[in-house]
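Single-structure report; data block below.
The values are calculated or read from the model by the stated rules, or taken from the named source; none is laboratory data. Bear in mind that the values here come from a model prediction, so they are computed numbers and not experimental data. Note: ideal-geometry Cβ built from the backbone for every residue, glycine included; neighbour counts use all protein chains shown. These area figures cover heavy atoms from the full protein model, side chains too; ligands, DNA and RNA do not enter into them. Shrake-Rupley method; radii C 1.70, N 1.55, O 1.52, S 1.80 Å.
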Amino acid sequence: GSVRRLIINADDLGLTSGVNRAILEAHQRGIVTSATLMAGGRAFAEAAQMAQAAPDLSVGCHVVLVDGQPLLPPQQIPSLLAPDNHREGQFRTSIGQLAAAAVRGRIAASEVEAEATAQMRKLQASGLTLSHFDTHKHAHMFPSLLRPLLRAARACGVRAVRNPFAPVKPLAFADLLRRPRLWKRYSEVRTLRLWLDSFRSAIADEGMLTTEGTFGIVSTGALDEPLFEAVIGCIPEGTWEFVCHPGYDDADLYTVRTRLRRSREQELRVMTSPAAKEALQRHGVELTSWRQLVQEAVNN
C-alpha cells in the first residue's frame, strides 16, 4: 500500500526562552517530532538542556549563515561577513545578499565548512546527538553553499539534511486561492526547482539522507487549522517534512530579529490542536522523525 510519512520539524530552537518552551510543548502535547537548534541562539544553553530532557525529540543543527553572528572569529570567515560592517563581524542581514554573493562565487567554501562544523560541534559538545541539519532561511538551497555544508555534516557524523524544496503540484490547492500573498511566495518557490536536480546529485554524492521534499515553507506566517488540513490532505507517497515555527510572542522575541511574531503562537496552537492530530489520522499520514529515518537506514 501507499505509505505516507511526515517529519514535523520545529525550527529556531534556542532563539528565545519562549520559543524553547513552545517547541517543547508542541513536542510533548502535540505533533512535533524533531527540532533544529541554533548554536548562536541567545537561549542556546537552556535549549540544549531541555532537548536532553526530551529523549524522544530528534534534534538537529539549524545552521546560521545569515542574520546573526558567527561562532568563529571574523578573520577566519571574511567571505561570510556583511561587507558593509566588517568591524562588527556580523553575517549579511538578508538571504538575498547571501544568495547574490554565493551565485557570484564570492563565498569561500572552506569558510562555510568551518563555520558549519563549529556550529554542529558546539551542539555535540553540549551532549546532544544530532540526527540532521537544516539552514536558517534555507541557505543550503544554493549549490555553492550546499556542498561545503554536506562536507561539514559528514565530518561531524550527521547523516541527514532537510530537502528544502517544496513539491509544486500538490501545493496548488484551493486554500491558496484565497491568499494572494501566499501565491507570490508560491511562485518564488517554483523558481527554485532549477536547483532541485543539483541538490539531489549532491545528496547522492555525499551519501546523505533526506526526504522527498518539504511542506510548510509557503505557509510560514499564515498557518491555521484549515491550511494544515489542506497540506496534510495533499501529501504524496513517501517521507516528507513539514516545517513549523512555534513560539511565544513575549518580550524576549522583540530582542531578536524575526519577521515571525504572532504567527508563532498561532503555529503552537495548530501543532497542539486535536484537529491537527485528527487530520493526520484521517488522511493516513504517519508521523516519523529524522532520528527514525537515520536508524532505519542504518538497520537496512
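Computed values, structure above
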{"quantity": "Subset of the stretch 53-68 that is under 16 Å from Ala10 (Cα atoms) and more than 16 Å from the chain's Cα centre (by Cα) - its residue that is most open to solvent (accessible area, probe 1.4 Å)", "calculated": "Asp56"}
{"quantity": "Check on Leu71, outside any strand (DSSP E or B), within 28 Å of Ala10 (Cα to Cα) and in contact with an Asp or Glu (Cβ under 7 Å, 6 or more places away or on another chain)", "calculated": "yes"}
{"quantity": "Ser79 being at pLDDT 95 or above and open to solvent by less than 60 Å² (accessible area, probe 1.4 Å)", "calculated": "yes"}
{"quantity": "Filter result for Val32 (modelled with pLDDT of 95 or more, closer than 23 Å to Arg269 by Cβ and not charged (D, E, K, R))", "calculated": "yes"}
{"quantity": "Helices (runs of 4 or more DSSP H) completely within the stretch 152-233 that count 2 or more residues being surrounded by fewer than 21 Cβ atoms within 10 Å (Cβ to Cβ) and either of a type in the set (S, T, N, Q) or at pLDDT 75 or above (or both)", "calculated": "180-191, 196-206, 225-233"}
{"quantity": "Checklist (1) under 21 Å from Ala99 (Cα atoms); (2) buried (at least 19 other Cβ atoms within 10 Å of the Cβ); (3) touching a helix residue (DSSP H, G or I) at 6+ places or on another chain (Cβ under 7 Å) applied to Leu71, failing item", "calculated": "(2)"}
{"quantity": "Qualifying position, being part of a helix (DSSP H, G or I) and either farther than 22 Å from Leu287 by Cβ or among the charged types (D, E, K, R) (or both), among Ala48, Ala22, Ala39, Ala26", "calculated": "Ala48"}
{"quantity": "Pairs where the first residue, in the stretch 234-248, is in contact (Cβ under 8 Å) with a residue 40 or more places away in the chain and the second is hydroxyl-bearing (Ser, Thr, Tyr), C-beta under 6 Å, 6+ apart", "calculated": "Glu237/Ser2; Thr239/Thr211; Trp240/Thr211; Glu241/Thr211; Glu241/Thr214; Val243/Thr214"}
{"quantity": "Residues of the stretch 88-136 that turn out to be assigned to a helix (DSSP H, G or I), free of Cβ contacts under 8 Å to residues at least 24 places away in the same chain and either open to solvent by less than 10 Å² (accessible area, probe 1.4 Å) or aliphatic (A, V, I, L, M) (or both), as a count", "calculated": "3"}
{"quantity": "Single match in Ala22, Ala47, Ala39 (criterion: within 15 Å of the chain's Cα centre (by Cα) and surrounded by 24 or more Cβ atoms within 10 Å (Cβ to Cβ))", "calculated": "Ala39"}
{"quantity": "Residue under evaluation Leu287, criteria (1) modelled with pLDDT of 90 or more; (2) under 25 Å from Met38 (Cβ atoms); (3) open to solvent by 10 Å² or more (accessible area, probe 1.4 Å); (4) part of a helix (DSSP H, G or I), criterion not met", "calculated": "(4)"}
{"quantity": "Whichever residue in the stretch 137-151 is free of Cβ contacts under 8 Å to residues at least 60 places away in the same chain and open to solvent by 10 Å² or more (accessible area, probe 1.4 Å) and, among such residues, is nearest to Asp11 (Cα to Cα)", "calculated": "Met141"}
{"quantity": "The one condition in (1) at pLDDT 95 or above; (2) on the phi > 0 side of the Ramachandran plot that Leu71 fails to fulfil", "calculated": "(2)"}
